[in-house]
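Worksheet for the structure shown next.
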Amino acid sequence: MSTICISTTPSRRASFTAGLLDVAPILLSALPFGIICGVGALEAGMSAGQAVLFSFAVFAGSSQLIATQFIASGAPTAVVVLAALAVNLRFLMYSAAISPEFSRRSLSEKLGLSYLLTDQAFAISMRAFNQDRTGLRRISYYMGAALGLLAAFQLGNLLGISLGGSLPAGWGIDFSVPLIFCALLTTAIRNRSMALAAVIAALGSMLLCGLPYMLGVFISAVLAIIVGYAHAERSHAA
């Protein structure tokens, strides 16, 4: 008598849905973040069409905010680009951490996955992968989380671009930005090196906030990465 083996591996649809459901609680916070980025692009002098293209081309909320603020302040193009790149240096570490999960994929697939990489998608996906859910389809789960965020964020951008400066100041939606990053930060810190880097970045940003073109953010980010990496290497060598 033949034995019928029933696979317990979730389907791609089930894994995609799992990622979407896991990211759902923070989609409402991604929406106002997108609205802020959309309004900021208009305030920097972009047309509605340019703001939409800018949002989809960059798809990095923190870099979009930094870039539009620098553009609005009249900063040189080189400073705008360097500041945006500095803010996104963390994605080098994200990519290195998550790349083993997608190592068998083609270059074109990896490029598409890298475009969708965000703080939230990384944190949620790595938490699920580290929990070693039975047979979880990595790509499908990641796509569920990442595309959910893309949709919410870009919807917010479109709303911000459409509404322009008509949003009531009393809404205070700009406060959602630090809340998002604080929530991600507290769940992402897993060792002393990461905690040290977070402290250095926070203190540096406060102490150097008076520098022109928000260069304090750039300097603090680079310094935090260097100190955190040096401490991790020393800990491994000990």
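The values are calculated or read from the model by the stated rules, or taken from the named source; none is laboratory data. What you see is a predicted model, and the numbers here were worked out from it, not measured in a lab. All Cβ positions, glycine included, derive from the backbone under ideal geometry; neighbour counts span all protein chains shown.
Going through (1) surrounded by fewer than 19 Cβ atoms within 10 Å (Cβ to Cβ); (2) in contact with a Phe, Trp or Tyr (Cβ under 9 Å, 6 or more places away or on another chain); (3) of a type in the set (Lys, Arg) one by one, residue 137 falls short only on (1). Within segment 55-75, being without any contact (Cβ under 8 Å) to a residue 12 or more places away in the chain and outside any helix (DSSP H, G or I) holds for one residue alone: 74.
Across segment 79-121, the qualifying residues are those that are part of a loop (DSSP other than H, G, I, E, B) and farther than 18 Å from residue 150 by Cβ, and the one among them that is modelled with the lowest pLDDT is 89. Of the residues contained in segment 65-87, one or more are found to be buried (at least 20 other Cβ atoms within 10 Å of the Cβ), of a type in the set (Ser, Thr, Tyr) and on the phi < 0 side of the Ramachandran plot. So which residues in segment 85-128 are under 16 Å from residue 58 (Cβ atoms), over 10 Å from the mean Cα position of the chain (by Cα) and of a type in the set (Phe, Trp, Tyr), if there are any at all? The answer is 115, and nothing else. The number of residues in segment 200-238 that are assigned to a helix (DSSP H, G or I), without any contact (Cβ under 8 Å) to a residue 60 or more places away in the chain and surrounded by 14 or more Cβ atoms within 10 Å (Cβ to Cβ) comes to 13. Restricting segment 217-231 to residues that are small (Gly, Ala, Ser) and either modelled with pLDDT of 80 or more or over 20 Å from the mean Cα position of the chain (by Cα) (or both) leaves a set whose member that is nearest to residue 194 (Cα to Cα) is 228.
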